[in-house]
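Nothing in this text is a laboratory measurement; each read-out follows from the coordinates by a stated rule. Treat the numbers as computed from the prediction; the structure is a model and nothing was measured. Please note: Cβ atoms are built from the backbone with ideal geometry, for glycine as well, and neighbour counts cover all protein chains shown.
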Amino acid sequence: MDVIICKDAAEAGRYAAAKIAMVAKEVGNRFVLGVATGSSPLRTYQALADLVDSGKLDISEGSAFALDEYVGLPKGHPESYAEVIRKTVTEPLHLKPENVHVPDGFAKDLKQAALDYDAAIKAIGGVDVQILGVGSNGHIGFNEPTSSLASRTRIKTLTPQTREDNARFFDSLEQVPHHCLTQGLGTIMEARNVVLVADGEHKAEAIAAVVEGPITSMFPGSVLQMHQHATIIVDEAAASKLKLADYYRDMLEHLPEWQRVKVA
Ligand code: GLP
């Protein structure tokens, strides 16, 4: 696991974008990006859009797969993740809408929709870089505590904590759905690279648990300790509870040239 501590959230976004762009260039036109919702990756999307707009990155032939979707929000609902991804990812990164996939939370047969989603990821050859945020209770995607570490895309019930955390996007708590479709932890772990971004004091405990805590389904993000290419990119505030912060800083300073990510 690589832990990158940046001075602020904007620098963290630029670092994450540079890392993603490096992989995208290696992969070429068949690049598959795994995308997350929430506020954490917004600066990464902005920094990626800047690279695209300045002609330094072109992923217009690539594909994207979202992590999750609420169940029951009608198509076009502004808080459906399909809409959020369209506005924050598809349009600014100039992806073709038909190449951007979000689980179908409005499907009649949700079980089948979940199976189909995993099959579509497999059929395309898997995700090259999965972007992640982390929930205050340690969830990644919508894999709530006690999710199987081997789980696949499926229906989950949101915890009261997650519904409260996400109520800020809705007019009231009652409007936040109770269920979702989410890629499983096993699905996420198959991405060839994962990049988790977090900023702010309120994420410090979650980051400490993801990076330095025990691997446990009680804190689903901790499963990333088992991933061979996981990069955790945080600002100083989100890094404030890391015991080995000085080691991570020292490691970054002494990174061999060939491992360096060139931040635009
Ligand atoms: C939601 C999403 C997660 C995201 C989490 C944290 O629940 N399903 O993918 O990581 O929120 O959101 P934020 O980045 O806004 O703190």
- Query: If you find the alpha carbon centre of segment 119-136 and of segment 227-244, how far apart are they in angstrom?
  - Reply: 20 Å
- Packing-ranked peptide list from 72-83, 168-179, highest mean Cβ count within 10 angstrom first, is 72-83, 168-179
- Tell me, what is the percent relative contact order of segment 1-69, built from C-alpha pairs under 8 Å that lie six or more residues apart? 41 percent
- Around Thr216: net Lys/Arg minus Asp/Glu count, Cβ-Cβ under 15 Å: -3
- Message: Once you place label points 7 Å from the Cα toward the Cβ at Lys122 and Glu79, how far apart are they in nm?
- Response: 3.4 nm
- Return a whole-number percent for the relative contact order of the chain, with Cα pairs under 8 Å and 6 or more residues apart as the contact set. 26 percent
- Separation in nanometres of the label points that stand 7 Å from Cα toward Cβ, at Asp109 and Trp258: 5.0 nm
- Based solely on its DSSP helices, what 222 nm [θ] is calculated for the chain when runs of n ≥ 4 H residues each add -39,500 (n - 2.57) and the sum is averaged over all residues, nearest 500 deg cm²/dmol? -9000 deg cm²/dmol
- Task: Given a cut-off of 24 Å, name the pairs among Lys7/Lys243; Lys96/Lys203; Lys87/Lys262; Lys122/Lys262; Lys19/Lys87; Lys25/Lys243 whose C-alpha atoms lie farther apart than that in the structure shown.
- Result: Lys96/Lys203; Lys87/Lys262; Lys122/Lys262; Lys25/Lys243
- Task: Using a Förster distance of 30 angstrom, determine the FRET efficiency expected from the C-beta separation of Phe170 and Asn29, and round it to 0.05.
- Result: 0.20
- Message: Looking at segment 82-201 only, what percent of DSSP beta bridges run antiparallel? Nearest 5 please.
- Response: 55 percent
- Message: Going by amide H atoms built from the backbone, whose H comes under 5 Å of the H on Phe219, apart from near neighbours?
- Response: Thr146
